[in-house]
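Report on the following structure.
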Amino acid sequence: MEQNKAFDRLATAAENFIKQERWSRRWSNLLKIIIVLYVLISLGTLVKQISPADELSTSSKHVGIVSLQGAIMPGSKTSADAINPLLRDAFSDPKTQAVIIKANSPGGSPVQSAMINDEITRLKEKYKKPVYVVVQDLCASGCYYVAVAADKIFANKGSIVGSIGVRMDTFGFTGLMSKLGIENRSMHAGEHKTFIDPFSPEDKTGRAFFQKNILDKSHDQFIETVKKGRGDRLKINKDTFTGLVWLGDAAVKNGLIDGLGDTGYVERDIIKNTNEKNYEGRKSLIEQMMGDISTETASKLSLYLSQLY
């Protein structure tokens, strides 16, 4: 009996040892794969950086591509600080024949949008190069503020364009606070300092002042910028400046955009040059590495990982 128990313990220990060895080999193999991938990706990045192919592709005139993707907010990749240097690079390049801004944004900060608009206007006047905006899914509010600085705007028939308006969201909790027995004890100096405080009673005077002097005036600036950018092409009606949006085909009829078409159409039929050069912000090493991993390699790695469990 004791011999059988000893044998069982020995067999169990041997089985555990074999399992542990298998796990060790698998993790060792995984580590080797990761190291090999890292080396290959690093070499690929280095080769791309020193490859003469890029020089050949930009040896002749090209179309400069700048992407405006996502909400236009300070500190983001679509802020004026991020986009304007790319625009300057694209316009100042002597090989740039024209600039296309690929726009796909719901809008954002009026100030950031105005700064980008101003820079586009300045650059196209300085370098005498045409600039086009090609809308993808959406170009609304602040994005459209940027777009009207272009010589022409194109979109897909299903693209959403417009939203010429200004908003600021606020809310009030005073009713709920009263039911819960919560009292606001905010301290402030200045009669209207807390006019947008959701925990204080509504300050109608402060709200009226903000509406008149901030929102309405910002809206007026937006309207004037659109009128200046679109000129006689804009067909103004009672809905134009109300914040409504239109699909691409209706936007053409309203004069909000100039036609239907994608980047390829603008390059082939308008600019007559399909040689592109993308002007992008500097990517981190991780972003570069991840961008170089092919779908096939990622799939194989995922399959291997799934087999470990």
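Just a few scattered comments:
- Exposure proxy shown here: for R167, R88, the number of other Cβ atoms within 10 Å sets the order, fewest to most, as R167, R88.
- Working from label points 7 Å from Cα in the Cα-to-Cβ sense, the L176 to L244 distance is 3.4 nm.
- For the pair D151 and D81, a Förster radius of 22 Å applied to the C-beta separation gives a FRET efficiency near 0.35, rounded to the nearest 0.05.
- Report note on the peptides 265-273, 156-164: ranked by the mean count of other C-beta atoms within 10 Å, highest first, their order is 156-164, 265-273.
- Filtered chymotrypsin sites (Phe, Trp or Tyr not before Pro), segment 149-243: DSSP coil and at most 11 other beta carbons within 10 Å: F171
Coordinate-derived values only; no laboratory data. Not measured: the values here are computed from a predicted model. Positions of Cβ are backbone-derived with ideal geometry, glycine not excepted, and every protein chain shown enters the neighbour counts.
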